[in-house]
Structure formats: structure tokens, C-alpha cells
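What follows is a single structure, written as C-alpha cells, with notes after it.
The values are calculated or read from the model by the stated rules, or taken from the named source; none is laboratory data. Since we're looking at a predicted model, the values are computed, not measured. Here Cβ is always computed from backbone atoms with ideal geometry, including for glycine, and neighbour counts include all displayed protein chains. To get the accessible areas, we keep the full protein, side chains included, count just its heavy atoms, and leave off ligands, DNA and RNA. Shrake-Rupley method; radii C 1.70, N 1.55, O 1.52, S 1.80 Å.
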Amino acid sequence: GYVYHTFTSSSSLVVPSGISTSAEYLIVAGGGSGGNAGGNPYSGAGGAGGYIDSTVSLSAQTYTITIGAGGSVNANGANSSSFGATAIGGGRGGSYPSPPSGASGGSGGGAGSAGGSYSGGSGTAGQGNAGGSVNNTAGYQAAGGGGAGAVGGSVSGNGGVGGAGGVGLNWKSLGTFRAGGGGGSGYQ
């Protein structure tokens, strides 16, 4: 009994005359990029774009739908917005040698690995989770980005598997998980 409208690029939702109804909606912002390690395997993963799940009363008018793109090199994702709500773009991952900490965003980026202890970026309350942190001495593997459903995986030690990305959420149990964080780079 539902009608689904899916927007993967910015557009408009036109509600025709005589229609007045409530709708459930999901807004996801663009994810953050991984860190820029200049060819070295030390980059933290990008965090997922912010995830907003809510309802709205629709009436006969045109609603603007803004879809944010994923982050380019070493950049946060762009915001997505509609119905008066704004999902915040995901935080970029930490880089080697600088800046090693992940950036904050809808979900935070994971920390890069640069021979020390660095934090992941924080998530936006109600939209996502923090990126993972790094605690090592020589600096090889990097942390995972935060997702809508969990924080990014943290790492410690001096080599091996990077941190897992934070899981996304299965909206309305439709079978597709959305707004998952990226996995951090590893080194062996």
C-alpha cells in the first residue's frame, strides 16, 4: 500500500492539487572520503553521511530535494536536505602524515595511522556515530569510519587489519542497509 519515491540526485517532489497525506522519509547525506596518504597505506576511512528517519505532512506544493555528493579527496561529504531537515555530510578519514585525526560529520571519519594515538571524528547526535581511533607506535593500520548504526572500528598495534566500518541501518526492514562507514586500510 505504499508508494516509494527515491532520489539519487537533487530534484523536486511535486504533490498535486487535492492531495494531503503523511509520509515517512529517509534522508542520507554524502559520505566522507578516505584520508589522503599519498600512496601510503595509512589512511583512515570516511564516515557515513548523516541518517535522518522521520515523518512529514505533505500538501499540494513542490518540495525541494537536495542530495549531497560523497566527499572528494580528503574532504567531508556534502549535506542532503528536504522537508526542513538537513543530514550532515560524513567526516573524512585521517591522513598520513597530517592531519591524522578523523573529521567530524554526520558520522565521523576514522583516524589515520601516523605513529601515535589519534581520535576518530565525532558523529552528529541523532544522525550517526563516531569514527574509530588509532593507538599504535610505528603506525600502519588505520581506523574505520562511523556508520548510522555503530561506531567505526578502532585499532592498536603495529600492523595488520584495519578497523571495520560502522554498520548502516536497515530502514523499515526493507533489506538494504544504508549509511555504513568505510573500512580502514590495513598493512602486513
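General observations
- Some residue of the stretch 88-99 being among the β-branched types (Val, Ile, Thr), surrounded by fewer than 19 Cβ atoms within 10 Å (Cβ to Cβ) and in contact with a Gly (Cβ under 8 Å, 6 or more places away or on another chain): no
- Pairs with Cβ under 7 Å, 6+ apart, first in the stretch 165-179 and open to solvent by 60 Å² or more (accessible area, probe 1.4 Å) and among the aliphatic types (A, V, I, L, M), second in a loop (DSSP other than H, G, I, E, B) and modelled with pLDDT of 95 or more: Val167/Gly147; Val167/Gly149; Val167/Ala150; Val167/Gly180; Leu169/Ala148; Leu169/Gly149; Leu169/Ala179
- Out of Phe7, Phe83, one residue alone is in contact with a strand residue (DSSP E or B) (Cβ under 9 Å, 6 or more places away or on another chain) and on the phi > 0 side of the Ramachandran plot. It is Phe83.
- Among (1) of a type in the set (Ser, Thr, Tyr); (2) closer than 12 Å to Gly91 by Cα; (3) open to solvent by 60 Å² or more (accessible area, probe 1.4 Å) - the single one Tyr118 does not satisfy: (2)
Here's the yes/no breakdown for (1) touching a Phe, Trp or Tyr at 6+ places or on another chain (Cβ under 6 Å); (2) of a type outside the set (D, E, K, R); (3) within 30 Å of Val56 (Cβ to Cβ):
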| site | (1), (2), (3) |
| --- | --- |
| Ala78 | no, yes, yes |
| Ala87 | no, yes, yes |
| Gly105 | no, yes, yes |
| Ala111 | yes, yes, no |
| Gly120 | no, yes, no |
| Gly144 | no, yes, no |
| Gly149 | no, yes, yes |
| Gly168 | yes, yes, yes |
| Thr176 | no, yes, yes |
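- All of Ala45, Ala60 fail the test of being crowded, with 24+ Cβ neighbours inside 10 Å and touching a Gly at 6+ places or on another chain (Cβ under 8 Å), apart from Ala45.
- If you go through the stretch 129-148 and keep only what is open to solvent by 40 Å² or more (accessible area, probe 1.4 Å), assigned to a loop (DSSP other than H, G, I, E, B) and not hydrophobic (A, V, I, L, M, F, W, C), you end up with Asn129, Ser133, Thr137, Tyr140.
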